[in-house]
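Working notes, beginning with the structure itself.
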Amino acid sequence: MIDRRALEAGSQPPLLYPPYKSTVKRAPAQPLVIVPERFAALAAPVYGYLPIGETDNDLTRQHAGEPQGERIIVAGRVVDEDGRPVRHTLVELWQCNAAGRYRHARDNHPAPVDPHFTGAGRTITDAEGRYRFVTIKPGAYPWGNHDNAWRPAHIHFSLFGPSLATRLVTQMYFPSDPLCAYDPMFQSVRDPRAQQRLVSAFDLSLTEPNWALGYRFDIVLRGRASTPFEGRV
Ligand SMILES: [Fe+2]
């Protein structure tokens with residue numbers, strides 16, 4: 001359970017944030033429905049368990065050819081509020097391609113679909129809570145929230161935890177992206193320190209010479225230093 005007392009005001013995005021238009025329709029207007037306890041106790045995702053495949057954490061090797069764009073490594077640790085590793089937990093990500101286009105029927109923004117890029121990956125943290133993905137740096141893309149609205153480059157993350165009820169969803173951004181200042185999703189987290197927990201850090205030690213730049217994104221699940229998560233408060 002989330003201890004709301006441990007969360008500082010403005011450190012998590014509110015359910016209702018009118019500048020981010022979708023929250024107006026999405027935020028609960030009715031009393032919440034209590035989830036039956038048997039759902040909360042489910043020990044695995046309800047869609048079943050499939051073993052992690054060899055290329056699930058390398059989005060550049062999931063097709064016959066390589067995707068277009070800047071190859072990057074995204075890695076970090078998943079920890080609890082005391083810095084203890086969250087071991088063997090499912091980490092999933094999804095993103096658009098280098099041109100800012102999702103492989104999704106609803107995305108009709110006039111940028112090319114990359115036949116060699118699906119944009120989805122998953123992995124399991126190791127005994128130290130570490131995860132690592134190889135992917136392509138996502139592009140910015142326009143969206144219909146307001147006039148001339150553009151999403152900063154970002155990667156969506158899902159942390160599953162031990163059961164369906166513990167799933168947490170967030171977004172990772174890139175350092176020094178000027179679009180963050182104009183993005184209602186990023187700005188729905190009002191505390192500037194909490195905002196920075198959504199921004200990955202360039203990390204020379206993660207780079208691979210002649211191959212890929214590396215970005216570190218550590219994820220804190222709870223407590224005052226928690227990563228902001230969607231729909232939690
Ligand atoms: Fe997105």
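Which one of Ser200, Thr227, Met185 is farthest out on the positive end of the charge dipole of the stretch 125-233, using unit charges on Cβ (Lys, Arg +1; Asp, Glu -1) and the Cα centre as origin?
Farthest towards the positive pole: Thr227.
Which one, Leu93, Gly129, Gly139, is farthest towards the positive end of the dipole of the stretch 72-143 when Lys and Arg carry +1 and Asp and Glu -1 on their Cβ?
Value computed over the given set: Gly139.
For the chain, what does the helix formula give at 222 nm: sum of -39500 (n - 2.57) over DSSP H segments with n ≥ 4, over the residue count, nearest 500 deg cm²/dmol?
My calculation for the chain gives -1500 deg cm²/dmol from helical runs alone.
Would you list the P(r) distribution for the stretch 165-231, with all Cα-Cα distances sorted into 10 Å bins from 0 and each bin expressed as a whole %?
Per 10 Å bin, starting at zero, the Cα-Cα P(r) for the stretch 165-231 comes out as 19, 47, 27, 8, 0 percent.
Viscosity 1.306 mPa s, temperature 10 °C: give me the Stokes-Einstein translational D for the stretch 106-210 in µm²/s, with Rh taken as the Kirkwood radius over C-alpha pairs.
98
Looking at the chain, what % of the alpha carbon pairs are farther apart than 28 Å?
32
Normalising by the residue count of the chain, find the relative contact order in percent from Cα pairs under 8 Å and 6+ residues apart.
After rounding, I find 28 percent.
Heavy atoms only, probe 1.4 Å: what % of the accessible area of the chain goes to carbon and sulfur, would you let me know?
For the chain, the apolar C and S fraction of the accessible surface comes to 57 percent.
Tell me the label-point distance for the pair His109, His63, using the 7 Å Cα-to-Cβ offset, in nm and rounded to one decimal.
Label-label distance for His109 and His63, simple model: 1.8 nm.
The values are calculated or read from the model by the stated rules, or taken from the named source; none is laboratory data. This one's a predicted model, so the numbers in the text were calculated from it and none came from an experiment. Because the Cβ atoms are built from the backbone with ideal geometry, glycine has one as well, and the counts that use them run over all protein chains shown. In case anyone asks, the SASA skips ligands and DNA or RNA and just uses the protein heavy atoms, side chains included. Shrake-Rupley method; radii C 1.70, N 1.55, O 1.52, S 1.80 Å.
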